[in-house]
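Before any comments, here is the structure.
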Amino acid sequence: MEGRALASIGAGPSGRLIGQPSELTQYFRSSESKGSNRRAKPCRVQAAATTVAPGVVTSPALPLEVLTGDWETAYKELEMQRGYCSVATRYSPGLVRQQAFSSPEASLKVAARAVEMSGRLGWFFGSLLFDRLSGAADTKPRVRYRAAQLRRTLTALGPSFIKAGQVLASRPDIVRADYMEELCTLQDDVPSFPDKTAFEIMEEELGRPIAQVFSSISERPIAAASLGQVYKAVLRDTGEEVAIKVQRPGVEPVILRDLFIFRSMARFVNPVCKARLGCNSELILDEFGAKLLEELDYQQEARNIEDFGNNYAGDTKVKIPWVRRDLSGARILVMEWIDGMRCTNIRGIQTSGIDVNEFIRCGVVSGLRQLLEFGLFHGDPHPGNIFALADGRIAYVDFGNVAEVSQQNKQTLIDAVVHAVNEDYEEMAKDFIKLGFLDQGTDIRPIVPALEKIWADSMGRSLSDFNFRSVTSKFNELVFQYPIHIPERYALVIRSLLTQEGICMQLQPSFHFLEVAYPYIARRLLTDEDPALRERLFQVLFSGGKFQWKRLQNLIRLAKEGSGGLDLSDTVATGARVVLLDERLRSQLLLALTEDNRLHIDEVAQLVQMIQGDIDPSKLVTQTVTTLPSLSRQLMLQWSDRVLTG
């Protein structure tokens, strides 16, 4: 059995800025003193903890308009795209600029850092220019060499560039495929900082000696990353094992300095990016900057852990570690130690007696639940953050890098699945506009055939032919042909799905994503009480004004493939209620039963045979009796309305 802890620092959910930094600091200090309910609304509030120094010193190394121009325009556009949730983020372009130039000493450090960046990046881009002039730019050996050179350059430039490389690895709208493949191997492992310093930080945050809190602690870190490192300890009061994540000292000023230089470069090259790539480099940088600063917010990560724990409460197949908020602070995070096996430890999982197929199914379904049910998903599910426990459960760790999706966007994602099932590619292209992949007003006519070709080629003859990586690869090509921009939260979704598919294929080479995903989606469409999902179910079942008997049979068959049993009692009761109250739907069902001048008795009999073991008669009767008074009242009101208006 392998012991594991949190080994990397992630990014928390971001949102809109609702005031200047100083106002935000005062507002949230007063709010936090009163307490807050972060889940009272479908959004989360994050405190702005960074104060802004008043002094701003300009640097002669950068063009004046880059330093003094409008830094907020692209960020306001990002706020509008994020409109799904009105929350606050520590990041803003103005804050970055003010912090970078908070003193003459800070200004000198910015200039020195800019020189270092210019030298290393200048050498790399100069090498690319040499390749182009020599005619070797597109040869495969040279491309592989330059991609590896870029990875080494980013690693040498430190934490901000390592994180930037990891983001670029999931941005096909910015980086070509061969470079993305190399950047996927970019490692976040760096030498640890002194243990004495780490223990001093712990004591400062705890406000007391370490020995009063922990009965034992590892002498050396279990893992070290660019933003922090992890120790294993035992709590003195409970005897429980915990992981202690300690933030690397002095890392925030370095990141703010780098973000200012990044933002200045993005502003300088933005006209070229818009003309050549069709993307706003300032907006992309603002997305990255917000995420990067949030990676340093351990209090936010603690809230993320609690939210995930609440979401999976009662789920016997998913393990979320608990967190000790009373022992955590701005620079340390104390949470449950997870003892498990890496999910890629195939031999260990097989010899432990864990059902590999069931473990894979649990992993895929739990990931889909995060995206389509909770709207809060793990943005970095790499093998170091997912473990198999001895009892077969799947365990997640490292909840810094998470993102949120609004209720509206969750419904749009399900719409996209429904439209894919119905092969309605025009509506799928409209879904892309709603999700932010395409700008409002974009002419979708040339995009529709391309989407149809991608989906048709990827589906092949059956679900088993589908491969998410092949779809992503084809979509990457589409990005460079049309004005498609991948919003940051969906870049995380794509990376998350790709990573999970890769892990599953290592465990089971014959794994096929849709063979697990479709049964889950079918079960949700058939059994979820959400009215919006009921509407999407009807969209699936009616096409071209006709009822699709085969689709309903396929949905039931797919839903039965999932484990845990299929209870259609609620679906039947709700469906009957909707049919009685909706005159248009009643007409459609009557037409469905008599389509093509015949009674569809055989189809009805087949459906009854399929679902007869999936309905609880006693539950159905109880629901009918319970809802009969309100149903009768609504029917009477409908009847009286027709009489009065007739």
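Computed from the coordinates by the stated procedures, all read-outs in this text should not be read as laboratory data. In this text the structure is predicted, and so the values were computed from the model without any measurement. Because the Cβ atoms are built from the backbone with ideal geometry, glycine has one as well, and the counts that use them run over all protein chains shown.
Counting only lysines at least 8 places from K619 when in the same chain, those with an alpha carbon closer than 22 Å to its own are K560.
With a ≥ b ≥ c the root eigenvalues of the C-alpha gyration tensor of the range 318-428, is it rounded (a/c under 1.5), prolate (a/b larger than b/c) or oblate? Oblate shape, in that a/c is at least 1.5 and b/c is the bigger or equal ratio.
Under 1.5 on a/c is rounded, so check that first for the range 471-529, then, if it is not, pick prolate when a/b is larger than b/c and oblate when it is not; a ≥ b ≥ c are the square roots of the alpha carbon gyration tensor eigenvalues. It is oblate, given that a/c is not under 1.5 and a/b is not larger than b/c.
Reported value for the range 117-176: 83 Å³ per residue, from the convex hull of its C-alpha atoms. Can you tell me the length gained on complete extension of the stretch S618 to D315, counting 0.36 nm per residue apart and subtracting the Cα distance? Taking S618 through D315 to full extension adds about 106.5 nm, to one decimal. Given K291/K410; K245/K410; K109/K274, which pairs have Cα atoms separated by over 29 Å? Pairs exceeding 29 Å: K245/K410; K109/K274. With a cut-off of 11 Å between beta carbons, the residues surrounding T153 carry a summed charge of +4, where Lys and Arg count +1 and Asp and Glu -1.
If a/c stays under 1.5 just call it rounded; otherwise compare a/b with b/c (prolate if a/b is bigger, oblate if not). Do that for the range 121-279, with a ≥ b ≥ c from the square roots of the Cα gyration tensor eigenvalues. It is prolate, given that a/c is not under 1.5 and a/b is the larger ratio.
Taking N as the residue count of the range 496-544, its C-alpha radius of gyration divided by 2.2 N^0.38 Å amounts to 1.51. Test of understanding: extend the Cα→C-beta vector of K196 to 7 Å, then name every residue of the range 230-249 with backbone N under 20 Å from that spot. Counting backbone N atoms under 20 Å from the label point, the list is 230-231, 246-249. A simple spin-label model places pseudo-atoms 7 Å from Cα toward Cβ; at A156 and T626 they are separated by 6.7 nm. Label separation (Q609 vs F125): 6.9 nm, computed from points 7 Å beyond Cα along the C-beta direction.
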